[in-house]
Every structure is written in structure tokens, then in C-alpha cells.
Amino acid sequence: MNVDDTAKRISYSFQKNLRLDEPSRQVIQYSLTMALAAALSAGLTAITGWLVGAFWPTIVAASSSAWLRNFSGGAHCSSAGRCAVAGAVSAPLLGLTALYGAKIMGNWNYALIALITIISLYIMFKYAPDEAPEKPIPARRKPVLHKRSMLWVMALGASSLLMTAHMPWLGVSIALGMLWQCFTLLPAGHGFVSSVDNLLSRWINI
């Protein structure tokens, strides 16, 4: 049983016991799906990050990406469970890259973060917010989300530069998480996530 089915069954139980109408049940189902998916994603990501020896860089990269996603949207897998599994793979890879890449780059970390920020701003300017077909964004919300996406890229970029002076891996983790999220807005990002989703669907039904 996948996350969506679990949330649906629980919501029907609430509806039966509390005598809720259908719109209320649907709200509960959506909220439960989001909560279960978030818990599953956070748990899997934390465990995988710890197993590969990059717990904190993984958490930072995942948090940077997830926060920006709240405003920008982006490609995602066809089920909440597969999204969680995909995140549990991608975030530790970003964390490991930040942990060891920051040591290799040295002072070049500043140039790397500046470049990532510029690229991210361009992508956000052109593609954000990227809405899912099944969850269209109201026209009045799009300019707000576009502006907030741009502002948060600038905030994350500035934070990355500041943190790099003290903990290089931390600054690079923030920047790589931001860049990954921006990648999911691109047509290439949608194609990549779709391929990953199709691959995971052969073995994972959650």
C-alpha cells in the first residue's frame, strides 16, 4: 500500500466516525498525504545521509531544496513514496559532494557559489513557479510565488557565501540543494525525474 492509499483509508475512517462531508474528507486526505510523505522523506533522507557519513550536509542540502520548492514548484514523482525514495538518494549525493568538494575547491568555493546563485536566479526568473498539471496555481498567486522564489534564491545564495567563510561544506550544501531544486524546474529536470519515477515504479509501490 502506498502513502496516498494510506492517507485515503485514514481519511475515510475520519469521515465515518466524525460524520464529515466529502470536501472535508478530501482536505484531511490531502493533509495526511503531505504529512506522511514529509515524515517518510525526512526519515529516509536522514538515515541514508547517516549511512554514507554525510548526515548534516545531507540534511542541509535537502532542507535548502525543500524550502525553495515551497515557492517554485518543480518536477516530482508520481507517488509520494517514490518522491521520498528519490530524495533519499539525491540528497545524500549532494551532501557527499558538498562535504568532499568543499575541501578540494578551497577558496574557489566562493566563485562556485556565486555561479550557482546566478544560474539559479536565471532559472527561477524564467520558469518559477512551475505548476503540476494536477495542481494548477491560481493566476493571482503566480506573481507572488515568482517573486518569493527569486528572493529566496538571493537569500540562500547570500547565506551560502557567509557560511562558507566558517564551514565551507555548509555553504556548498546550501548552494547545491538550491541548484538541484532549480534543475527540477527545467525541461531536462522534468525528463530526468520522469525517468527516475519510471525506474522506481518497477520495484517500489509506496
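Data for the structure
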item	result
Helix 142-164 axis, angle to the chain major axis (alpha carbon atoms, nearest 10°)	40 degrees
Evaluated at q = 0.09 Å⁻¹: base-10 log I(q)/I(0), Debye formula over Cα of the chain	-0.38
FRET efficiency, 1/(1 + (r/R0)^6) with R0 41 Å, evaluated for LYS135 and ASN17 via beta carbons	0.90
Note, ³J(HN,Hα) from phi for segment 59-70, Karplus 6.51, -1.76, 1.60, rounded to Hz, x at Gly and Pro	4, 5, 4, 5, 5, 4, 5, 5, 5, 5, 5, 4
For peptides 191-201, 164-174, sequence by mean Cβ density within 10 Å, most packed first	164-174, 191-201
Euclidean distance of C-alpha centroids, segment 158-206 and segment 20-36, integer Å	29 Å
GNM result for the chain, Cα springs below 10 Å: residue of GLY74, GLY49, GLY106 fluctuating most strongly	GLY106
222 nm mean residue ellipticity, helices alone, for the chain (DSSP H n ≥ 4; -39,500 (n - 2.57); rounded to 500)	-27500 deg cm²/dmol
Peptide ranges 54-66, 3-15 listed from the most packed, as the mean C-beta count within 10 angstrom indicates	54-66, 3-15
Cysteines not pairable in the chain (beta carbon separation under 4.7 Å absent)	CYS182
Helix 80-105 vs. the chain, principal-axis angle (Cα, 0 to 90°, nearest 10)	10 degrees
Point-to-point label distance, ASP5-LEU121, nm (Cα→Cβ direction, 7 Å offset)	4.8 nm
Magnitude of the charge dipole, the chain, Cβ model with Lys/Arg +1 and Asp/Glu -1, debye to 20	320 debye
Rounded to the nearest 10 Å², the accessible area of LYS135 at probe 1.4 Å	100 Å²
1.4 Å probe accessible area per residue over segment 53-203, in Å²	52 Å²
Carbon + sulfur, % of accessible area of segment 53-203 - ligands and nucleic acids excluded, 1.4 Å	71 percent
Degrees between helix 3-18 axis and first principal axis of the chain (Cα, 0 to 90, nearest 10)	40 degrees
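The values are calculated or read from the model by the stated rules, or taken from the named source; none is laboratory data. The structure presented is a predicted model; accordingly, all values stated were derived computationally and were not measured. Note that we place each Cβ from the backbone using ideal geometry, even for glycine, and neighbour counts take in every protein chain shown. Note: accessible area is taken over every heavy atom of the protein model, side chains too, but ligands, DNA and RNA are not part of it. Shrake-Rupley method; radii C 1.70, N 1.55, O 1.52, S 1.80 Å.
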